[in-house]
Amino acid sequence: MSSREYKKTPQDYDCQTSWCMLHRVAFFVPFGFGLGRLNRTDPDTMSKEKLESLVKNMEIMLSEVEQLKIHCTKQTEEVNQVVQELRRENRELTEKYELICQDLKEAKEAIAQLQDTKFAFEAKERQAQKLNRQL
């Protein structure tokens, strides 16, 4: 089980418990007090110990839900900070890429001009050699 998953054992409580999933949040509900049965349970027929156990378990669950909420809030803040940092890095990299593309374009233009100059110089040189032979 990963560190993110919630793990409790039945020995942590006074009565037997079972896993429940509500909106993908794991928590325990005592056997006999499932979410559907809580509304139909008559407090007069329950023993004082069972009621106290139920209240204790509900308080524990509320505390754990609050801890999960705090944990999720912190994780959300951390994720938001990472997202902002990644967006900033993305902008910087995009700007650098655009500058490199501009530099590459200028370098290609300079190479093309140098090649044109070289070809023109070679043509003039051939023409000069031709004139020298004629003299």
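Some notes on this structure:
- Residues LEU131, LEU68 in ascending order of nearby Cβ atoms (within 10 Å, fewest first): LEU131, LEU68.
- Cross-link reach is defined here as a Cα-Cα straight distance under 21 Å, omitting same-chain residues fewer than 8 places apart; for LYS56 the lysines meeting it are LYS7, LYS8, LYS48, LYS69.
- Set of lysines with alpha-carbon distance to LYS96 below 17 Å, sequence-local pairs under 8 removed: LYS105
- Scalar couplings 3J(HN,Hα) for the stretch 104-109, obtained by applying the Karplus form with A = 6.51, B = -1.76, C = 1.60 to θ = phi - 60°, are 5, 4, 5, 5, 5, 5 Hz; x denotes Gly and Pro.
- 5 angstrom amide H check on MET46, placed H, neighbours 5+ away: none
- Between ALA128 and LEU51, the modelled labels are 11.4 nm apart [label points 7 Å from Cα along Cα→Cβ].
- Legend: ranking of residues GLU64, GLU85 from fewest to most surrounding C-beta atoms inside 10 Å; resulting order GLU85, GLU64.
A short reminder: the numbers here are calculations on the coordinates, not readings from a lab. For clarity, every value in this text was computed on a predicted model and none was experimentally measured. No Cβ is skipped: glycine too gets one built from the backbone with ideal geometry, and neighbour counts run over all protein chains shown.
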